[in-house]
Every structure is written in C-alpha cells, then in structure tokens.
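The values are calculated or read from the model by the stated rules, or taken from the named source; none is laboratory data. This is a predicted model, so every value here is computed, not measured. Glycine gets a Cβ as well: all are built from the backbone with ideal geometry, and neighbour counts include every protein chain shown. These area figures cover heavy atoms from the full protein model, side chains too; ligands, DNA and RNA do not enter into them. Shrake-Rupley method; radii C 1.70, N 1.55, O 1.52, S 1.80 Å.
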Amino acid sequence: MDGSPSAAERAYQAIRDGILNGVHPAGTMLGEESLATEIGVSRTPVRTALSRLQDEGWIVIYPKRGALVQGLSERAVADLEDARLMLESSGASRASREVRDELAERLRSSIAAQREAFQARDVRRFIELTIGFHRAFVEAAGNDILLELNDRLADRQRFVLFSKGDRLLARSDDIIAEHEELVERLRTSDATGFTNALRQHLADNYAPPATPGHERGSQTTR
C-alpha cells in the first residue's frame, strides 16, 4: 500500500471539513452526485462518508433527497463552553511549576503567530492556532483521559469558531489580550484568576448571534 487515503476516507475528510469550516453551513442539503463530482470520486465512497457523518451527528440523511447538514443548538454550544472551562481550568491548576513556566514561554510564541494570522485576516490559521493554544492547558495536567476528552470536542470547537469568523476578526485585539492574560495567570499560579479570565473569554467568544431568527439545528455528536 502507498499510504494514500481511500476514496471513502477522502470523501469523508472533504465533506467533514466543508461542514466544519462553513462551506456547507447548517441547513444545507448535500447531494451525492454533486459531492462526488466536487471531490472527484464515485458516489459509493460519498455514500459511505455520509453514513459515517450521520453516525457522528453532523448530518441527517433523507433517502432520495440528500443529506441535511446539522448545526449546534444554543444549548449544545453552552454545554461545550462549560466543558471547555472545566477541562482547561482543571488542566492548568494541576500543572507543576516547571510545566507552567515552560508552557507559558511556548504559548507566547503561539500568541505571536495568532496575531500574525489576524493581521493577514487568515481565520482558518487563527482557529487552528487557538485550538492548539487552549489544548495546551489541558495537556499541562499530564492526564491522558482529560486530553482524550478534550480532543473529542475539537471538531465542535472548530465548528463554533468558524461560524463566528467575522466576530473573531472584529474582536482580534481583545482575543489576543485575553490570551495574554491567561498565560500570565498560568505563569503566576493564579488558579482562581485563570478560571475567571477563561470563563469570561469563552463567554465572549461563544456568545450566540445578536441577530434574531438565526437558527441552528440540533446536534448529537458524541
């Protein structure tokens, strides 16, 4: 084998990425034939990919009609925000002094890269950087189970951030300042200050849209 992904895997990755990054927003009806043409595979691997995505809760398949992209309900987003607060604050509070010092230095480099991404208006790059930034707080605990739980939430985190791309750009200076505060709280072992700063940071970035009538479908991903 040459290590290249199968057609079904390529179809899965392409459709999944389109859902997470907003190319296929919630409420979009996806058709097998158009997806197969777009990805460059036959309809069979697309069908397999859609079945897998339905199992993960990202779509609902309607026979002979297509697959409807699901979003995250406001309740699901609130639950995600709460879970992230628990995981990251727990991870940071359990880190040793040596780990905190090393991590603070590493995260300063991440913040510099985030600032550059914002300056280039590269939302995709910023999102990947910030997911890694927040993951580092969980990783600091040295607990593989906490890290596994964190990583299972990464796609939902990515979905929410992409849906708020314009808001992220509008808040870029504030976000960078909030990240800098989190690193400083970590460095000085201020667990309470870290948790409070993180709570406000997540609330600001996960806030529901201000405009009325914006609907998100319900989501049941694991």
Task: Members of the stretch 40-62 found to be more than 19 Å from Arg124 (Cβ to Cβ) and among the hydrophobic types (A, V, I, L, M, F, W, C), listed by number - done: Val41, Val46, Ala49, Leu50, Leu53, Ile59, Val60, Ile61
- [ ] Would you please list the contacts, defined by Cβ atoms under 8 Å and residues six or more apart or on different chains, that run from a residue in the stretch 68-92 that is under 16 Å from Phe162 (Cβ atoms) to a residue that is among the β-branched types (Val, Ile, Thr) and part of a helix (DSSP H, G or I)?
- [x] Val69/Ile19; Leu72/Val160; Val77/Val160; Leu80/Val160
TODO: Output the helices (runs of 4 or more DSSP H) that fall wholly within the stretch 145-210 and possess 3 or more residues being free of Cβ contacts under 8 Å to residues at least 40 places away in the same chain and not hydrophobic (A, V, I, L, M, F, W, C), or say none.
DONE: 172-187, 191-206
Open item on the list: Here are the criteria: (1) at pLDDT below 90; (2) closer than 18 Å to Asp101 by Cα. Tell me which single one Gly132 does not satisfy.
Closed with: (1)
- [ ] Return the residue satisfying two criteria in turn: it lies in the stretch 108-123 and is surrounded by 13 or more Cβ atoms within 10 Å (Cβ to Cβ) and not charged (D, E, K, R), and of such residues it is nearest to Val23 (Cα to Cα).
- [x] Val123
Open item on the list: Of everything in the stretch 135-180, what is open to solvent by less than 30 Å² (accessible area, probe 1.4 Å) and among the hydroxyl-bearing types (Ser, Thr, Tyr)? Give them in sequence order.
Closed with: Ser172
TODO: Please name all residue pairs, on different chains or six or more residues apart, with Cβ atoms under 6 Å, provided the first residue is in the stretch 110-139 and is more than 20 Å from Asp155 (Cβ to Cβ) and the second residue is of a type in the set (Phe, Trp, Tyr) and surrounded by fewer than 21 Cβ atoms within 10 Å (Cβ to Cβ).
DONE: Ser110/Phe133
TODO: Would you list the helices (runs of 4 or more DSSP H) that sit entirely within the stretch 19-103 and hold 3 or more residues that are under 30 Å from Arg135 (Cα atoms) and under 25 Å from the mean Cα position of the chain (by Cα)?
DONE: 43-55, 74-94
TODO: Examine the stretch 6-14 for a residue that is out of contact with any His (no Cβ under 9 Å at 6 or more places or on another chain), more than 29 Å from Val160 (Cβ to Cβ), in a helix (DSSP H, G or I) and open to solvent by 50 Å² or more (accessible area, probe 1.4 Å), and state whether such a residue exists.
DONE: no
